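Comments concern the structure below.
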Amino acid sequence: MQRVLFLYYSHSGHTEKMILAAAEGVREGGAEAIVKKTTDAVRENLVNCDAVILGTGNYFQKEAGMFRDYWDRYDYDWLKMKKEIGIKPYAWVVSAGVGGDGCIATVDNLMKQLNFRRVFPTVVAFEDPTGDDLDNCRKLGRRMAELAPAADYTDIDPPKKSGRWKWPPKVRLMAWKGIGAEVAHAWGDPMAQDVGTKLVATSDENASICFKNVRAGRFHFTTGARVETSQMLMADGEYADRDGGPFPVCAVWAQSRNNAGFFVRGDSPIKDIYDIKPGTRIASLPGNPASRNMMEALLAWVKVNAEDIKWVEHKSYADTVQSVMAGRTDFAFAMPLSKVVIEAEKQPGGIRWLELDAEKDPEGARRFHEVDPLEGLGVMFTGVASCLGKWGIVGTHLVLAHRDTDKYLVYRMVRWLHQNFEQIKDRHSKLKWANLETLVAELKQTFLPVHEGLRQLLKEEGVWTNALEERSEANAALIDRYCEAYQECQDMADEKGIPVRHDSPEWVEMWESYKKEHSIPIVRPFEGL
Ligand SMILES: Cc1cc2nc3c(=O)[nH]c(=O)nc-3n(C[C@H](O)[C@H](O)[C@H](O)COP(=O)(O)O)c2cc1C
């Protein structure tokens, strides 16, 4: 933001102190602060600025008369000036004897009519502002200065020619079978009922099918964790089909958080990861390359060669857990919420988790991430009692959409989710993470761009920063590069008559070497912003 206009009136100086603190914050944030009492301001001030911070005291549940006078002076001219003013963000500071917000309603309403967008929670002080109040004003100023340029506020307006925007008759979401679909219904059903649409939530066991349907535009949304989303973008494994590779997918909201880890039987001589030695028997699942990758990352952590391990292959995830319990293998990767693990924990002696404590051993964790950059490490918080509080693999599931999904649909949906979080959060144990806080934490690390509709909400909530904007654009650019490369490589395969299918070794080889030859960076999360 370049120029932030302060418009205020203050009889005793209370509001003025708040305004001056916020102006300091604006300057700290690298923008210009233009501070005007309403009695000295002219209407051009609103035209020649990029954002506005308003301030008034509460007088008989209304704004100060001298504050309101500014708008009264220009009569109907305001509506003529709407175009000149454009779309800009604004925020409030208020000083009041007992309560704040009622006094801003009239001017707030006018600001909305003038196309201003209110972006941050109002800072309210009771009478003379305290040090904390002034800190909050300073913070408000800094956040306003760091907001992306005002021009971006124009892109989300609902289509005007076709009349008022309406929810489509059906919102279509495809999620993983089981918990993914359950969670989607838990937030989607009340939303659909409230806004007058119908939620169609279909599910499939295979994440690649979910992505394929969103890619083809048959569904608006799907959900995904880092591993399968990056596999899809890089067209790894079963994603390497003609209709299964990269497409411009964007982050829409946080759906849930999850955790997983490595476990041994309660009586195992392996007490922690450092007891893993050459000859240790690992229950592996060749059908799931992601779990093998995590195990190799674990071996890198403890500096054991994968060739020195006794890999015991299994056909299903349940088999791997049962083979540990039967003593045929020493440990396996497991999900603490799964039925087999719940059963395993009930057996005499129970189970124990091998902690991946990144704080105690940051060097080991670094070696882990060199092999598997996709998995986050953290303290487990959900699942069987034995895992709670132990370090494992933790991650966020996002709601995702194609970049071309109607931005206004995304905007309305995420606004509903944000505003109704209190109402939905107890409808499923996973939904307590379906909030702005979890979302923003993940956005600071994700390789996904932010959908335009979500971007609008993040701006209004005051959490959209230049750093997020830059990251999101860089993420989109890498995904575009993958999309173009995947298409070009398919064209080459077509010319040579090589079938583009994930079970065609020639095609897989061709795509893998194409990525290497063209030095396309791998899709991986970031440490932060
Ligand atoms: C005449 C008068 C009426 C007021 N009415 C209200 C009111 O209705 N509600 C309230 O919360 N505070 C009320 N206040 C308290 C003021 O909002 C408070 O003193 C505020 O700090 C004034 O800000 P200013 O000195 O920066 O203008 C009133 C104060 C005065 C002098």
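The values are calculated or read from the model by the stated rules, or taken from the named source; none is laboratory data. It should be emphasised that the depicted structure is a prediction, and the values quoted were computed from it without experimental measurement. Don't worry about glycine lacking a Cβ; one is built from the backbone with ideal geometry, like all the others, and counts go over all protein chains shown.
For first residues located in the range 80-101 and more than 16 Å from the ligand (Cβ to nearest atom), partners that are in a helix (DSSP H, G or I) and among the β-branched types (Val, Ile, Thr) and lie 6+ apart or on another chain with Cβ distances below 8 Å form the pairs Met81/Val47; Glu84/Val47; Ile85/Val47; Gly86/Thr154; Ile87/Thr154.
Would you say Val399 is among the hydrophobic types (A, V, I, L, M, F, W, C), under 18 Å from the mean Cα position of the chain (by Cα) and assigned to a helix (DSSP H, G or I)? No: the conditions fail for Val399.
When the residues of the range 97-117 are filtered to those that are touching a helix residue (DSSP H, G or I) at 6+ places or on another chain (Cβ under 7 Å) and surrounded by 16 or more Cβ atoms within 10 Å (Cβ to Cβ), the one that is modelled with the lowest pLDDT is Arg117.
Restricted to the range 174-216, and to residues that are modelled with pLDDT of 90 or more and in a loop (DSSP other than H, G, I, E, B), which residue is farthest from Ala401 (Cα to Cα)? Filtering first and then ranking leaves Gly196. Looking at the range 139-150, is at least one residue aliphatic (A, V, I, L, M), assigned to a loop (DSSP other than H, G, I, E, B), surrounded by 13 or more Cβ atoms within 10 Å (Cβ to Cβ) and at pLDDT below 85? Scanning the range 139-150, I find at least one residue that is aliphatic (A, V, I, L, M), assigned to a loop (DSSP other than H, G, I, E, B), surrounded by 13 or more Cβ atoms within 10 Å (Cβ to Cβ) and at pLDDT below 85, so the answer is yes.
Filtered by the rule that a residue be more than 26 Å from Gly350 (Cβ to Cβ) and in a helix (DSSP H, G or I), the range 298-326 gives Ala300, Ala306, Glu307, Asp308. When residues in the range 292-316 are screened for being polar (S, T, N, Q), free of Cβ contacts under 8 Å to residues at least 60 places away in the same chain and within 24 Å of Trp391 (Cβ to Cβ), 1 of them pass.
Taken together, the residues in the range 10-40 that are more than 15 Å from Asp132 (Cα to Cα), touching a residue at least 12 places away in the same chain (Cβ under 8 Å) and within 16 Å of the ligand (Cβ to nearest atom) amount to 10.
When Asp426 is tested against the conditions (1) of a type in the set (D, E, K, R); (2) surrounded by 16 or more Cβ atoms within 10 Å (Cβ to Cβ); (3) without any contact (Cβ under 8 Å) to a residue 12 or more places away in the chain, the lone failure is (2).
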